[in-house]
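A quick write-up on the structure given underneath.
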Amino acid sequence: MRHAAISGWGMAVPERILSNSDLERMVETSDEWIVSRTGIKERRVVGPGDSTTSLAVAAARQALDRAGLAADQIDLIVVATCTPDQFLVSQACLVQAELGGNAGAFDLGAACSGFVYALSTASQFVQTGCHERVLVIGVDTLTRFVDYTDRTTCILFGDGAGAVVLEATDEPRGLLSTVLGADGAGAKHLYIPGWGAYVPESAALLAEPRPHLQMNGQEVFRFAVRVMGEAAGAAVERAGLTFADIDMLIPHQANARIIDAAARTLDLPRDKVWMNLDRYGNTSAASIPIALHEAEAAGRLREGDNLVLVAFGGGLSWAAGVVRWGTAGVCRDPECRGRGGAATG
Ligand code: UT7
């Protein structure tokens, strides 16, 4: 059976840092409250020169370099985002315009669960033999939609991008199992109102220059703790493994208390759970590929390791998968890494 190994990875965050002490000067909050309730100490925030496109392209270039590939060797680009720079054209086409090549390009929207949804979708193009090399990007600039007078949301979010390259191999590498789920009835708990083709009748919403993210934090918290454990457990079972076989949990970086609760449910020790939200906050679709990149850079991911990726977010949505890390069986010969852009299946 063909598999889709992760052969390249990269990340990008804006330079501007927004610390808890900066937020103390903006809203009625404290570093102590934010750290104890969320684990976040600082986050990166886009400035005038940054965009969803610029972050996605920077992360993608790193991932391509690491895989040793040029953009014109990629067959398909899938971008998971809920904050595209524009609706027409897709974020993926904007990224491709910067990278070059003629890869197929489309966006996928599943909010903070988006990267795992995109990884699952993209892997299937490789597993079925339709494509050889696919670039998957998770990127969001949610701070553009954050209300910096609302202390219940403005402390949580940061901006960033992460990317991976998938390549075909006959060895069991890349995604071994996937669990995707959603509960649309919970959409009202985490959303951006009036941002789309639908024109709301509310004069107040129409008058607002840019809508702000709305969230019922306690509802999302309860939902997250439940689905993180359930989805991760189901993904491990579908891969034919047990948690004793798992080397690292790479969860969506939303709240340290949510991650700790999920790890307790799964009976995973703290040193097998990757957490970097203290420095980035919640970067939505970017959080898992950024965490993956940093775990690798820290020397924590080895060939053949079993990782569990698990995310939740707006939708409400959730997604989990078991990834076997490494590039065993990926052909490095230039002969089998031809030009991309045309479907072969
Ligand atoms: O990708 C998915 C994105 N969303 C999430 O992951 C959100 C999940 N939810 C959470 O992370 C948590 O619910 C929050 C961090 C948002 C809030 O933490 P909490 O422990 O659930 O706090 P709470 O909403 O129960 O509020 C407790 C108190 C309230 O005051 P009173 O009513 O007890 O007087 C809030 O007004 O804390 C107050 N509060 C704050 N105080 C200082 C809320 N935000 C702040 C703040 N600073 N930033």
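The values are calculated or read from the model by the stated rules, or taken from the named source; none is laboratory data. Please read these numbers as outputs of a predicted model, since none were measured by experiment. Because the Cβ atoms are built from the backbone with ideal geometry, glycine has one as well, and the counts that use them run over all protein chains shown. Only protein heavy atoms, including side chains, enter the accessible area calculation; ligands, DNA and RNA are left aside. Shrake-Rupley method; radii C 1.70, N 1.55, O 1.52, S 1.80 Å.
State yes or no: is THR83 touching a residue at least 24 places away in the same chain (Cβ under 8 Å), surrounded by 19 or more Cβ atoms within 10 Å (Cβ to Cβ) and out of contact with any Pro (no Cβ under 7 Å at 6 or more places or on another chain)? Spelling it out, THR83 is indeed touching a residue at least 24 places away in the same chain (Cβ under 8 Å), surrounded by 19 or more Cβ atoms within 10 Å (Cβ to Cβ) and out of contact with any Pro (no Cβ under 7 Å at 6 or more places or on another chain). Out of ILE77, ILE40, report the one residue that is crowded, with 22+ Cβ neighbours inside 10 Å, modelled with pLDDT of 95 or more and within 16 Å of the ligand (Cβ to nearest atom). None of the others qualify; the one that does is ILE40. Each residue in region 128-161 was checked for being of a type in the set (Lys, Arg) and within 10 Å of the ligand (Cβ to nearest atom), and 1 of them qualify.
Highlighted here are the helices (runs of 4 or more DSSP H) found entirely within region 252-345 that include at least 1 residues which are within 14 Å of the ligand (Cβ to nearest atom), modelled with pLDDT of 95 or more and within 22 Å of ALA12 (Cβ to Cβ): 277-280, 287-297. Of everything in region 126-164 that's under 21 Å from VAL308 (Cα atoms) and assigned to a helix (DSSP H, G or I), which residue is least open to solvent (accessible area, probe 1.4 Å)? Per the stated criteria, the residue is VAL126.
When PHE223 is tested against (1) in contact (Cβ under 8 Å) with a residue 12 or more places away in the chain; (2) surrounded by fewer than 16 Cβ atoms within 10 Å (Cβ to Cβ), exactly one condition is not met: (2). Count of region 104-120 residues, restricted to those that are closer than 19 Å to LEU94 by Cβ and among the β-branched types (Val, Ile, Thr), is 0. Selection of region 270-289 for residues being out of contact with any Ser or Thr (no Cβ under 6 Å at 6 or more places or on another chain) and open to solvent by less than 30 Å² (accessible area, probe 1.4 Å) yields VAL273, ASN276, LEU277, TYR280, GLY281, ASN282, THR283, SER284, ALA286, SER287, ILE288, PRO289.
Looking for something open to solvent by 10 Å² or more (accessible area, probe 1.4 Å), part of a loop (DSSP other than H, G, I, E, B), away from the ligand (no atom under 14 Å from the Cβ) and under 30 Å from PRO209 (Cβ atoms) - is there at least one such residue anywhere in region 165-184? Within region 165-184 (the criterion being open to solvent by 10 Å² or more (accessible area, probe 1.4 Å), part of a loop (DSSP other than H, G, I, E, B), away from the ligand (no atom under 14 Å from the Cβ) and under 30 Å from PRO209 (Cβ atoms)), the answer is no, since none of the residues qualifies.
Scanning region 44-70 for residues that are of a type outside the set (Val, Ile, Thr) and open to solvent by less than 20 Å² (accessible area, probe 1.4 Å) gives GLY47, LEU55, ALA56, ALA59, ALA60, ALA63, LEU64, ALA67, LEU69. Listed by first and then second residue, the pairs linking a residue in region 62-77 that is over 17 Å from GLY138 (Cα atoms) to a residue that is open to solvent by 50 Å² or more (accessible area, probe 1.4 Å) and of a type in the set (Phe, Trp, Tyr), with Cβ atoms under 8 Å apart and 6 or more places separating them unless they lie on different chains, are ASP75/PHE125.
In the set (1) without any contact (Cβ under 8 Å) to a residue 40 or more places away in the chain; (2) in contact with a helix residue (DSSP H, G or I) (Cβ under 7 Å, 6 or more places away or on another chain), VAL116 fails one condition alone, (1). Checked against the criterion of being in contact with a helix residue (DSSP H, G or I) (Cβ under 8 Å, 6 or more places away or on another chain), in contact (Cβ under 8 Å) with a residue 12 or more places away in the chain and open to solvent by less than 30 Å² (accessible area, probe 1.4 Å), the candidates MET11, MET1, MET26 yield just one match: MET11.
Inside region 235-250, residues that are outside any loop (DSSP other than H, G, I, E, B) and either within 11 Å of the ligand (Cβ to nearest atom) or small (Gly, Ala, Ser) (or both) make up a count of 2. In region 299-328, the residues that are surrounded by fewer than 22 Cβ atoms within 10 Å (Cβ to Cβ) reach residues that are at pLDDT below 95 with C-beta atoms within less than 7 angstrom, at least six apart or across chains, in these pairs: GLU303/ALA328.
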